[in-house]
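Presented below is the structure to which this report refers.
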């Protein structure tokens with residue numbers, strides 16, 4: 001009996017494997033963050049505040065490398081001990097490629113257009129390997145590349161990316177274990193569990209006072225991994241709306257920001273700080289922790305509603321539309337009433 005069938009026939013064994021991987025990933029990520037926190041100033045890996053920044057002093061960045069390290073070492077261990085449980089090569093290579101593009105963006109001034117092209121190519125390579133037909137493949141291409149960029153854009157205040165990632169990947173993990181009925185040691189669930197642990201281990205370095213930022217290498221990795229898991233776990237458009245909705249506050253904030261900027265005639269490729277979370281933190285004056293906690297509470301509420309109505313695709317779609325409308329209305333209201341600055345700062 002191979003390791004997959006053994007873990008499938010003995011859920012307790014699969015659960016033990018998953019728990020051990022979570023503990024290992026958390027430890028590796030925390031140690032990686034500790035090392036990067038020490039090395040980053042010496043290497044010049046600092047995020048220096050500019051006019052549109054939400055932080056006030058130079059902060060070490062690149063914690064996404066610690067997340068990537070934890071993921072790769074866990075995969076290497078599985079390759080040695082339980083090779084049937086590791087990720088398939090196309091997905092693992094795609095994760096590496098997206099993280100590599102993020103690291104390149106962290107270290108160079110690569111133009112936004114070239115970055116987007118790279119994200120589209122990595123997403124296309126993944127979906128081509130999955131064998132999706134052209135029509136649905138094009139929609140999923142926009143979803144995977146868009147999710148990667150959305151996560152990157154929403155990583156702008158302390159705690160938001162880590163808390164949201166922890167919640168979203170935990171929800172995917174629980175969905176796979178309960179509703180989808182996958183064995184605990186299924187490769188997709190192993191990936192979700194490792195990223196839950198990695199996000200949790202990163203948070204003490206980023207909240208309440210940030211000592212370390214994810215960087216593009218981390219935010220792009222998390223956004224791409226989330227989208228890839230949604231594509232893998234969804235078995236139709238209803239389940240797709242359900243699973244993608246685990247990150248709905250991010251999508252709603254990003255979409256409303258894009259619409260409002262287009263209405264003002266502003267370029268979507270220019271840096272800005274007009275997301276709702278940025279307005280709350282920078283213009284309203286709420287603490288980063290308060291804004292991040294609010295977003296996670298909204299995320300948990302939406303996840304609960306989506307799971308409750310998972311058998312009603314029309315209701316799922318309405319939840320998406322209502323969430324987009326609420327975020328858009330709040331953003332527009334705040335921008336009209338606050339001394340808003342920072343839209344087009346370099």
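Out of all the residues in the range 154-170, which are surrounded by fewer than 24 Cβ atoms within 10 Å (Cβ to Cβ) and either modelled with pLDDT of 95 or more or in contact with a strand residue (DSSP E or B) (Cβ under 7 Å, 6 or more places away or on another chain) (or both)?
159, 163, 166, 167, 170
So, residue 82, is that one surrounded by fewer than 23 Cβ atoms within 10 Å (Cβ to Cβ), farther than 19 Å from residue 124 by Cβ, touching a residue at least 24 places away in the same chain (Cβ under 8 Å) and under 18 Å from the mean Cα position of the chain (by Cα) or not?
Here the answer is no, as residue 82 does not meet what is asked.
Does the range 72-85 include one or more residues that are in contact with a strand residue (DSSP E or B) (Cβ under 7 Å, 6 or more places away or on another chain) and in a loop (DSSP other than H, G, I, E, B)?
no
For residue 126, state whether it is part of a helix (DSSP H, G or I), touching a helix residue (DSSP H, G or I) at 6+ places or on another chain (Cβ under 6 Å) and in contact (Cβ under 8 Å) with a residue 12 or more places away in the chain.
yes
Give the range 39-59 a look and list any residue that's part of a strand (DSSP E or B) and surrounded by fewer than 16 Cβ atoms within 10 Å (Cβ to Cβ), or say none.
46
Which of the residues spanning the range 73-91 are touching a helix residue (DSSP H, G or I) at 6+ places or on another chain (Cβ under 8 Å) and closer than 25 Å to residue 45 by Cβ?
Within the range 73-91, 73, 74, 75 meet the criteria.
For the range 33-51, indicate whether the set of residues that are over 25 Å from residue 291 (Cα atoms) and touching a helix residue (DSSP H, G or I) at 6+ places or on another chain (Cβ under 7 Å) is non-empty.
yes
Considering the range 181-196 alone, what residues qualify as being surrounded by 24 or more Cβ atoms within 10 Å (Cβ to Cβ) and within 14 Å of the chain's Cα centre (by Cα)?
Selection gives 191, 192, 193, 194, 195.
Any residue that is over 24 Å from residue 162 (Cα atoms), touching a helix residue (DSSP H, G or I) at 6+ places or on another chain (Cβ under 7 Å), in a helix (DSSP H, G or I) and at pLDDT below 95 - is there at least one of those in the range 320-333?
For the range 320-333, residues over 24 Å from residue 162 (Cα atoms), touching a helix residue (DSSP H, G or I) at 6+ places or on another chain (Cβ under 7 Å), in a helix (DSSP H, G or I) and at pLDDT below 95: present.
Give the residues of the range 109-123 that are surrounded by 14 or more Cβ atoms within 10 Å (Cβ to Cβ) and either touching a residue at least 60 places away in the same chain (Cβ under 8 Å) or over 19 Å from residue 90 (Cα atoms) (or both), sorted by residue number.
Of everything in the range 109-123, those that are surrounded by 14 or more Cβ atoms within 10 Å (Cβ to Cβ) and either touching a residue at least 60 places away in the same chain (Cβ under 8 Å) or over 19 Å from residue 90 (Cα atoms) (or both) turn out to be 110, 112, 115, 116, 119, 122, 123.
Just give me the residues in the range 276-318 being part of a loop (DSSP other than H, G, I, E, B) and either on the phi < 0 side of the Ramachandran plot or in contact (Cβ under 8 Å) with a residue 24 or more places away in the chain (or both), in sequence order.
Once the filter is applied, which keeps residues that are part of a loop (DSSP other than H, G, I, E, B) and either on the phi < 0 side of the Ramachandran plot or in contact (Cβ under 8 Å) with a residue 24 or more places away in the chain (or both), the range 276-318 yields 286, 287, 309, 310, 311, 312.
The values are calculated or read from the model by the stated rules, or taken from the named source; none is laboratory data. Computed from a prediction, not measured in an experiment: that's the story for all the values here. Counting neighbours? That spans all protein chains shown, and the Cβs are built from the backbone with ideal geometry, glycine included.
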